[in-house]
Amino acid sequence: MYDLLAISVTLPMLLSVVSFGWSRAFGDTDRFPGSARLHALLILLQVLSVTMVYGFPSRFSFLVISLLYFVQGVGVAYFIRKKGRVDCGCLGPQISSKLGFPLIGFNLAMGLMGLAYSHSDWFAHRHSFDVTGLLMEGMMLLLSLFIIIGVPDALHAIRIYREIAATHISKIKRL
């Protein structure tokens with residue numbers, strides 16, 4: 001049960017971390033509306049909070065990730081007020097994602113979900129280091145890598161294939 005709760009609250013942050021790493025590896029421009037240091041700090045906090053949820057399963061780890069979601073929601077509201085609806089680059093350069101009120105609502109909802117998961121009556125918490133949790137985090141990182149890189153690339157390849165196939169449709173229909 002704990003693993004399902006952890007996955008549901010950490011997957012958005014893992015997607016953000018993977019897209020940041022992928023963008024840095026290929027030298028893409030950083031579209032984060034704040035400074036580069038602030039973006040790196042946010043990614044570091046996301047990595048640490050996700051690792052805490054998987055590696056040290058406890059009520060405290062869900063409280064930490066909830067707090068980070070709430071801070072992100074406030075940050076989105078701040079940047080909307082300061083710069084408007086700019087592209088935040090939250091999911092990497094291939095996926096356009098603008099700062100907006102739905103993103104604020106999403107962060108608040110995820111924060112509330114983390115708070116609900118931290119309630120002690122939901123499940124028995126382990127308060128020690130969990131190696132299998134870190135393996136689960138590794139698997140979720142691979143899934144995030146597939147989502148951030150594989151899906152947009154596959155959609156791009158399908159679009160190109162359809163454009164090429166459209167020029168040969170008459171030959172295909174004769175067969």
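The values are calculated or read from the model by the stated rules, or taken from the named source; none is laboratory data. Since we're looking at a predicted model, the values are computed, not measured. Methodologically, a virtual Cβ is constructed for each residue, glycine included, from the backbone with ideal geometry; neighbour enumeration extends over all protein chains shown. Ligands, DNA and RNA are excluded from the accessible area calculation, which covers all protein heavy atoms including side chains. Shrake-Rupley method; radii C 1.70, N 1.55, O 1.52, S 1.80 Å.
Summary of values
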item: Whole-percent carbon and sulfur share, accessible surface of the stretch 24-171, 1.4 Å; result: 72 percent
item: Mean Cβ neighbour count within 10 Å, used as a protection proxy, ranking 7-14, 35-42, 136-143 highest first; result: 7-14, 136-143, 35-42
item: Value at 222 nm in deg cm²/dmol, rounded to 500, when DSSP H runs of n ≥ 4 in the chain each add -39,500 (n - 2.57); result: -23500 deg cm²/dmol
item: Size of charge dipole - the stretch 27-99 - debye, nearest 20, with Cβ of Lys, Arg +1 and Asp, Glu -1, no other charges; result: 300 debye
item: Amide H within-cut-off set for Lys98, under 5 Å, with H built and near neighbours excluded; result: Cys88
item: Where the chain is the region considered: accessible area per residue in Å², 1.4 Å probe; result: 60 Å²
item: Rounded to 10°, Cα long-axis angle of helix 151-166 versus longest principal axis of the chain; result: 10 degrees
item: Whichever aspartates and glutamates have a C-alpha closer than 16 Å to that of Lys171, once near sequence neighbours (fewer than 8 apart) are set aside; result: Glu163
item: Alpha carbon convex hull of the chain, volume per residue in cubic angstrom; result: 160 Å³
item: Cβ-placed point charges (K, R +1; D, E -1), dipole of the chain about Cα centre in debye, nearest 20; result: 800 debye
item: Angle in degrees between helix 36-55 and the longest Cα principal axis of the chain, rounded to the nearest 10; result: 70 degrees
